[in-house]
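Read through the structure below, which is laid out as structure tokens, and then see the notes.
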Ligand code: G16
Ligand code: MG
């Protein structure tokens, strides 16, 4: 039986990817790296330093900076990103997600967060959702990012549940791969072709309800 839900943040609870994208785009411009939509899309779910490496590689500049300089560039991006996060309000919760979270809580399901973002607690605070997620995987504790299963394995561990008792929710293919690798049931939100590896796919967050999930479970 399903007893817990392990949530991704960006693309599932709220859309920080637009804010991440804008902040990375600014940084890319300042470094003379040409920004493309493909480059931006490829950064979803990827850690801060790995995102920076991808941008530098796209501009053939990965060897132009020392590690300390790279950390400074990532810190610059984060300053710009956090300034945008601080403008978020509960109105930035994706459609249907507040009702879904309330329903899960009312029915006694346990919730944890498996976001690659070190800013996740800050984002949850701005959305008014801090109380819903007492259990958050610390991304700094991870040896490997998504698609490695580690973050979803830890998300179940925090709830003292077996992975088989958990549903993981993701909008990114790398995240679905991570959920599947952890042995949880994967719920994808987005394009059914892109998320073909998921156990169930919903086109958008408003379709994510316990009733609709039940239709996909035995
Ligand atoms: C999110 C975003 C990524 C971002 C990463 C790290 O992942 O999708 O674009 O690079 O977190 O964020 P930060 O720089 O705030 O630590 P997720 O796992 O919530 O989809
Ligand atoms: Mg995501």
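The values are calculated or read from the model by the stated rules, or taken from the named source; none is laboratory data. This is a predicted model, so every value here is computed, not measured. Positions of Cβ are backbone-derived with ideal geometry, glycine not excepted, and every protein chain shown enters the neighbour counts.
Points to keep in mind about this one:
- The set of residues in the range 125-151 that are closer than 13 Å to residue 9 by Cα, in a helix (DSSP H, G or I) and within 11 Å of ligand 1 (Cβ to nearest atom) comprises 139, 151.
- For the range 12-42, the set of residues classified as surrounded by fewer than 21 Cβ atoms within 10 Å (Cβ to Cβ), part of a loop (DSSP other than H, G, I, E, B), within 12 Å of ligand 1 (Cβ to nearest atom) and in contact (Cβ under 8 Å) with a residue 24 or more places away in the chain consists of 15 only.
- The range 90-110, subset within 23 Å of residue 21 (Cα to Cα) and assigned to a loop (DSSP other than H, G, I, E, B), residue nearest to ligand 1 (Cβ to nearest atom): 94
- Cβ-Cβ contacts under 9 Å between residues 6 or more apart (or on different chains), taken from a first residue in the range 63-92 that is free of Cβ contacts under 8 Å to residues at least 60 places away in the same chain and within 27 Å of residue 127 (Cα to Cα) to a second residue that is within 16 Å of ligand 2 (Cβ to nearest atom) and outside any helix (DSSP H, G or I), are listed as 78/118; 78/119; 82/119; 90/129.
- Evaluated against (1) at pLDDT below 95; (2) within 14 Å of residue 9 (Cα to Cα), residue 155 falls short on exactly one condition, (1).
- Taking first residues from the range 131-153 that are over 22 Å from residue 42 (Cβ atoms) and partners that are part of a loop (DSSP other than H, G, I, E, B) and within 15 Å of ligand 2 (Cβ to nearest atom), the Cβ contacts under 7 Å between residues at least 6 apart in sequence or on separate chains come to 137/114; 140/118.
- Residue check for residue 113: at pLDDT 95 or above and within 11 Å of ligand 1 (Cβ to nearest atom): yes
- Condition met for residue 46 (within 15 Å of ligand 2 (Cβ to nearest atom) and part of a loop (DSSP other than H, G, I, E, B)): yes
- Taken over the range 168-189, the criterion of being within 15 Å of ligand 2 (Cβ to nearest atom), in contact (Cβ under 8 Å) with a residue 40 or more places away in the chain and touching a strand residue (DSSP E or B) at 6+ places or on another chain (Cβ under 7 Å) is satisfied by 168, 169, 170, 171, 179, 189.
- Odd one out for residue 161 among (1) within 16 Å of ligand 2 (Cβ to nearest atom); (2) under 21 Å from residue 198 (Cα atoms); (3) in contact (Cβ under 8 Å) with a residue 60 or more places away in the chain: (1)
- Residue check for residue 120: within 16 Å of ligand 2 (Cβ to nearest atom) and at pLDDT below 95: no
- A residue that is on the phi > 0 side of the Ramachandran plot and surrounded by fewer than 14 Cβ atoms within 10 Å (Cβ to Cβ) occurs nowhere in the range 62-85.
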